[in-house]
Each structure stands twice: as structure tokens, then as C-alpha cells.
Amino acid sequence: MFRRALEAEAPMQIEKGSPSPGGIPLRIEGVSKTYAGRTGNVEALRPVNLTVEPGEFVCLLGPSGCGKSTLLSIVAGLEEASGGTIWANEQKVTGPGTDRVLLFQEAALFPWLDVLGNVEFGLRQKQLSASERTRIALRFIDLVHLNGFEKSFVHQLSGGMRQRVAIARALAINPAVLLMDEPFGALDALTRDRLYSELEFIWSSTRKTILFVTHNVHEAVALGDRILVFAPRPGRIVSEFRIKLPRPRSLEDHHLVDQAAEILAALKEALGEDEQENSNGQSK
Ligand code: ADP
């Protein structure tokens, strides 16, 4: 129902795909990370190889501590890899850039700016006139269904609305890849379910390439084209699933529920092996 309302109210032309047509938005080649700790090194991430296709929605799924956020931070250019290379739109990543925008669990909005000001903010880095900035910002505020809230301040918005502002702000910059680190983790279940529909709608309208971190199997199956399952100690990818369920997807659909159960079983098996390895290690 919510989707239908969105489609009815926001029929618009949005610039689709990555800024460099035909290019691979994201290539991760042998990227690893080891943190030096006081009691020894932590192998947060074993070498990861991953190519994300234009417009693909890829979920990184696994429990806490298996290196998902570390990988996302390295892709965002906020963390340095211990080994390997990241290519975004065929350019080597050496630091943060507007071609990769990272969204967190808590929408990092500016409380002194209204919704319009927040969405316009990222566009200040581009050489645009003030009226062009406003035109683009309004287009994305419309896309995330916040028409009428342009002049509202952050404290006047619900958690779900704040996340939608953050998504609009990120999309307005037109990054090659949108990086999302458990963006709905702090929201109540009802708001979260509605935002799955909304994100799916936004993604299908813009065909933006998305790398999405979650520990929620149903969330991953509801949203992803592809799911990479991670296991901890050391953080690594243990399996990969392609999700071919038709969209829009419903959490109640039994095909989705079955697929989630299959992935959960794979995850449990990987975690079981992990525990066995650890207990073998301890007994040696
Ligand atoms: P996830 O996102 O899957 O929960 P993280 O990427 O946050 O996992 O963490 C992977 C591993 O790296 C964990 O063991 C974590 O404790 C460790 N780690 C993460 N950041 C740091 C850091 N800055 N210093 C030391 N260890 C870290």
C-alpha cells in the first residue's frame, strides 16, 4: 500500500546508474585488514575479492565482529586496508570521495539545517548555482516522500524520516556506490519494514549500486540481488547467494521465508565450523 502511495505521488525522472556509464562501480581486489591490538593482532578481514555490477544491490550479511563494517569503511576510504586495492568507477580509492557515500545507523544530519538545507549540503561541493542545488534537492526530497517537510528541522522528524533525509542527501550527490551500514538497525520493526519497501522503490527508480551491511537475514533477502555471508575470527566471506525473487518483495512471502531459512542454515553451519576450529585451537 505504502509503495502504491509512493508510486502515485512521486512519478519522476531520476538520473539512473553510476556517473560513468558502462564502468564497474566497485571492484575489491584482495582487500584485507589486520588491526594491531594490545594483546596481539586481530585479523578483521581475510582477503576479499568482489566485483559489484552497475545497479546491483549487494548485501554483506553476518553476525557482529566478522569484518562487514571494516570492509565498508575501507571502501568508503575512511580506513586503510592492510592489503589489496579498491577501485570505484575504475579509479583507485585512496581516501573518501563523493563517488562513495556512507550511511550509518544514526542518520548524521545537521540539526541547525532544515531538511532542504541538509539535502542541499552535499551539493555545495559541486559547481552548481543555488537554484540548481535547490532543484536537485527538492527532486530527491520528493523521491523519499518527504514533500511538505522541506522546512522541518531534524528534531521535528521521526527516526525513519531522518534516515530518508540521509538517503536523499546521499542520492543527490549521485555517487557511483551507496554504502549503507545497518541503516535501519536503530528503528522499530514497523518503520523498518516500511523503509524496506521505500528503499526498494528508490533503488528501482535510480538503479543505484548499493553495498548494504546487515546482520538480519530477512532484511538481506528482502533487499539484495546478491548476499555475501560473512563469518568471524577471522572475518571472511563463507558463501554467496543470488536472490532471484521477483520485486517488490514481501517479508510474508513464503519463498522469501524459505530462502532466508536456507541462508540462515548456511550461516549457522559456518559459525558451527568456526566454533569447532576455535575449540580445536584451544585444545592444542
Ligand atoms: P562487523 O561489522 O561485522 O560487526 P567489524 O568490522 O566491526 O565487524 O569488526 C571486525 C573485527 O575487527 C572485530 O573483531 C572487531 O573487534 C575488530 N575491530 C574493528 N575495528 C577495530 C579497531 N579500530 N581496532 C581494533 N580492532 C578492531
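The values are calculated or read from the model by the stated rules, or taken from the named source; none is laboratory data. What you see is a predicted model, and the numbers here were worked out from it, not measured in a lab. In this analysis, Cβ positions are derived from the backbone assuming ideal geometry, glycine residues included, and neighbour counts consider all displayed protein chains. For the accessible areas, the whole protein counts, side chains as well, though only heavy atoms, and no ligand, DNA or RNA atoms are used. Shrake-Rupley method; radii C 1.70, N 1.55, O 1.52, S 1.80 Å.
How about the stretch 229-238: which of its residues are open to solvent by less than 30 Å² (accessible area, probe 1.4 Å) and within 19 Å of the chain's Cα centre (by Cα)?
V229, F230, A231, G235
Tell me which residues, restricted to the stretch 73-124, are within 16 Å of the ligand (Cβ to nearest atom) and either outside any loop (DSSP other than H, G, I, E, B) or aromatic (F, W, Y) (or both).
Once the filter is applied, which keeps residues that are within 16 Å of the ligand (Cβ to nearest atom) and either outside any loop (DSSP other than H, G, I, E, B) or aromatic (F, W, Y) (or both), the stretch 73-124 yields S73, I74, V75, A76, G83, G84, I86, L102, L103, F104.
Looking at the stretch 44-68, which of the residues that are of a type in the set (S, T, N, Q) and at pLDDT 95 or above is nearest to the ligand (Cβ to nearest atom)?
Once the filter is applied, the top-ranked residue is N49.
Yes or no: the stretch 64-72 includes at least one residue that is open to solvent by 10 Å² or more (accessible area, probe 1.4 Å), assigned by TED's automatic domain parsing to the domain that holds L228, in a loop (DSSP other than H, G, I, E, B) and without any contact (Cβ under 8 Å) to a residue 24 or more places away in the chain.
Checked the stretch 64-72: no residue is open to solvent by 10 Å² or more (accessible area, probe 1.4 Å), assigned by TED's automatic domain parsing to the domain that holds L228, in a loop (DSSP other than H, G, I, E, B) and without any contact (Cβ under 8 Å) to a residue 24 or more places away in the chain.
Sort out which residues of the stretch 213-228 are within 14 Å of the ligand (Cβ to nearest atom) and open to solvent by 10 Å² or more (accessible area, probe 1.4 Å), and write them in order of number.
Listed by number, the residues that qualify are H215, N216.
Which count do you get for residues in the stretch 162-186 that are open to solvent by 10 Å² or more (accessible area, probe 1.4 Å), of a type in the set (A, V, I, L, M) and within 16 Å of the ligand (Cβ to nearest atom)?
Adding up the residues that qualify gives 1.
In the list V75, V93, V48, V58, which residue meets the criterion of being among the aliphatic types (A, V, I, L, M), free of Cβ contacts under 8 Å to residues at least 24 places away in the same chain and buried (at least 16 other Cβ atoms within 10 Å of the Cβ)?
Being among the aliphatic types (A, V, I, L, M), free of Cβ contacts under 8 Å to residues at least 24 places away in the same chain and buried (at least 16 other Cβ atoms within 10 Å of the Cβ) holds for just one of V75, V93, V48, V58, which is V93.
Does the stretch 120-141 include one or more residues that are outside the structural domain of F57 (by TED's automatic domain parsing), surrounded by 17 or more Cβ atoms within 10 Å (Cβ to Cβ) and within 30 Å of I243 (Cα to Cα)?
There is at least one residue in the stretch 120-141 that is outside the structural domain of F57 (by TED's automatic domain parsing), surrounded by 17 or more Cβ atoms within 10 Å (Cβ to Cβ) and within 30 Å of I243 (Cα to Cα).
How many residues, within the stretch 138-179, are modelled with pLDDT of 95 or more and of a type in the set (D, E)?
Total satisfying the criteria: 1.
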